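Notes follow once the structure below has been shown.
None of the figures in this text is laboratory data; all of them are computed from the coordinates on show. Quick caveat: nothing in here was measured; it's all calculated off a predicted structure. All Cβ positions, glycine included, derive from the backbone under ideal geometry; neighbour counts span all protein chains shown.
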Amino acid sequence: MITLDFTLQQGSFVLELHEQLNGGITALFGPSGSGKTTALDAIAGLRRPRVGRIAVGDHVLFDRSHGVDLPPHGRHVGYVPQDTALFPHMNVRRNVLYGRRAGQKLSLDVVVRMLEVGQLLDRRVPDLSGGERQRVALARALMSAPDLLLLDEPLAAVDVERRRRILPYLLRVRDVLGVPVIYVSHDRAEIDQLADRVVVLDEGRVVPHVRGA
Amino acid sequence: MSLVNVTLLTVTWAAAATALVLPAGLLIAWWLSRGRFRGRVLLETLVSLPLVMPPVATGLILLLLFAPRGVIGRALAPLGIDIVFTWKAVVMAMAVMGFPLLVRTARAGFEQVDRRYEQVASTLGASPLRVFLTVTLPLALPSVAAAAVLCFARAIGEFGATMMVAGSIPGSTRTLAVAIYSFAETGRDADAAALVVVSAVIAFAALALSNYITTRAGVRA
């Protein structure tokens with residue numbers, strides 16, 4: 001159970017979420033400027049809500065009334081930003097291993113096989129294609145054994161053909177690893193194909209979702 | 001004292017001064033580039049002060065602080081630590097005068113590092129120190145290297161503050177710049193000229209190195 005119950009203010013923009021999620025893939029959908037990325041930043045601990053509570057299972061990440069505000073490195077929330085932000089000064093292998101936690105169950109082998117990044121491990125980041133970057137960034141986030149995975153428009157920079165090839169990887173994250181995913185997108189078709197649940201944002205507020213509209 | 005000797009001593013002291021201020025300098029540079037905190041403008045101003053104050057005035061302040069009866073000197077004296085008019089004062093003067101260049105150059109480098117990398121590193125479980133050491137510092141390395149080189153070059157040329165706080169004791173506190181002054185004053189023009197050439201070569205090499213590092217980084221990025 002993931003609790004996203006917070007209000008965040010940024011200048012005149014106010015983002016308000018009052019959602020309980022049950023795992024699986026949740027899509028955050030909405031036009032640009034609706035607060036999707038801001039929501040991910042708040043969950044990851046990169047922006048501080050004004051009030052509210054954020055929790056993943058029993059792990060309380062933020063609770064204003066109890067003075068809890070874990071730093072990003074204590075949240076166990078994997079984050080793949082839209083531009084992937086792969087570390088340009090490390091090769092793929094060092095990127096993927098950067099967040100590996102001691103004593104975690106997930107091995108490099110499993111992640112590498114699942115996302116098919118084996119041949120990329122010794123490559124340099126600037127030499128990767130858009131689709132390869134997405135898979136490597138996903139592998140890097142998974143290797144930190146997150147309790148929750150945040151993906152910001154993971155397919156925005158990828159052409160339609162590649163998109164079709166990456167979608168199955170995302171489904172594997174859900175089905176094989178059972179990691180809940182919050183997935184930001186403004187592509188209806190993509191969401192209908194992937195998401196178990198859709199939260200539609202407009203100007204910082206949740207509005208009712210009409211499937212297939 | 002030979003010209004080679006004074007050159008070697010000066011280079012050693014300048015390197016020591018650079019090494020001495022590097023950790024604190026990088027930390028403050030990073031802090032200034034990232035933090036929004038109270039007193040930030042004050043800290044910025046204080047750091048840059050030696051750049052614009054007369055070096056002799058900075059030297060006098062150091063002398064008053066570190067003299068055996070100065071605020072800091074009084075605390076150090078019982079420990080048997082003598083600073084003023086020893087080589088330690090030379091290194092201190094060089095460090096203080098090189099500090100602003102170090103901080104300003106490194107800070108510009110840190111400001112160019114995309115914060116997204118640091119944020120992602122922290123979501124991957126890296127502590128702020130680890131983020132700094134494994135992401136920020138490597139990505140800003142060209143600027144950090146250039147900053148250290150500039151600090152070193154400034155230290156080599158240090159004169160005013162050194163004269164005040166360390167004097168001009170041949171073989172003990174006399175630096176390249178101070179030696180040029182005293183040679184010229186005592187009519188040893190050939191020796192003075194030789195040291196001018198030496199310091200010009202060092203300064204040229206340092207600046208060329210600094211420019212090379214930043215240009216090469218620019219090409220790579």
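Brief remarks follow.
- Neighbour net charge for B:Leu32 - beta-carbon separation under 12 angstrom, K R +1, D E -1: +3
- For the peptides B:154-166, A:46-58, residues were scored by their other Cβ atoms within 10 Å and the scores averaged per peptide; the highest-first order is B:154-166, A:46-58.
- Rounded, prolate or oblate (a/c below 1.5 giving rounded, otherwise prolate when a/b exceeds b/c) for chain B by Cα gyration tensor: oblate
- Cα gyration tensor shape for region A:1-73, rounded if a/c is under 1.5, else prolate or oblate: oblate
- Region B:47-114 and region B:117-150: distance between their alpha carbon centers, rounded to Å: 26
- For region A:79-135: relative contact order, % (alpha-carbon pairs under 8 angstrom, 6 or more apart): 51
- With the alpha-carbon atoms of the protein assembly as shown aligned to their principal axes, the span from lowest to highest coordinate is 93, 48, 40 Å, starting with the largest.
- Normalised by the number of residues in region A:1-132, the mean separation of alpha-carbon contacts (under 8 Å, six or more apart) gives a relative contact order of 19 percent.
- Angle in degrees between helix B:3-34 and the longest Cα principal axis of chain B, rounded to the nearest 10: 30
- Ranked by the mean number of other Cβ atoms within 10 Å of their residues, highest first, the peptides B:70-79, A:138-147 come out as A:138-147, B:70-79.
- Inter-chain Cβ neighbour average for residues B:123-135, partner chain, 10 Å: 6
- Phi-derived couplings, Karplus 6.51 cos²θ - 1.76 cosθ + 1.60 at θ = phi - 60°, listed residue by residue for region B:40-57: 5, 4, 4, 4, 4, 5, 4, 4, 7, 3, x, 5, 10, 6, x, x, 4, 5 Hz, with x used for Gly and Pro.
- Using the Karplus relation 6.51 cos²θ - 1.76 cosθ + 1.60 with θ = phi - 60°, the per-residue 3J(HN,Hα) values for region B:171-179 come to x, 10, 10, 7, 9, 3, 5, 5, 5 Hz, with x marking Gly and Pro.
- Computed Kirkwood radius, in angstrom, where 1/r is averaged over Cα pairs of region B:16-79: 13.9
- Look at the Cα gyration tensor of region A:55-213: its axes a ≥ b ≥ c give a/c of at least 1.5 with a/b at or below b/c, and that counts as oblate.
- Under the criterion of Cα pairs below 8 Å and six or more residues apart, the relative contact order for chain B equals 29 percent.
- Calculated from backbone phi, Karplus (6.51, -1.76, 1.60) coupling profile of region B:105-120 in Hz, x at Gly/Pro: 5, 5, 4, 4, x, 5, 5, 7, 6, 4, 5, 4, 4, 5, 5, 4
- Annotation for region A:171-188 versus region B:1-18: alpha-carbon center distance of 62 Å.
- Amide H contacts of A:Val200 (H built 1.01 Å from N, in plane; Pro and chain starts excluded): A:Phe29, A:Val207 sit under 5 Å, all sequence-distant by 5 or more or on other chains.
- Taking amide hydrogens as placed 1.01 Å from N in the peptide plane, the amide H of A:Tyr79 sits under 5 Å from those of A:Leu150, each at least 5 positions away in sequence or on another chain.
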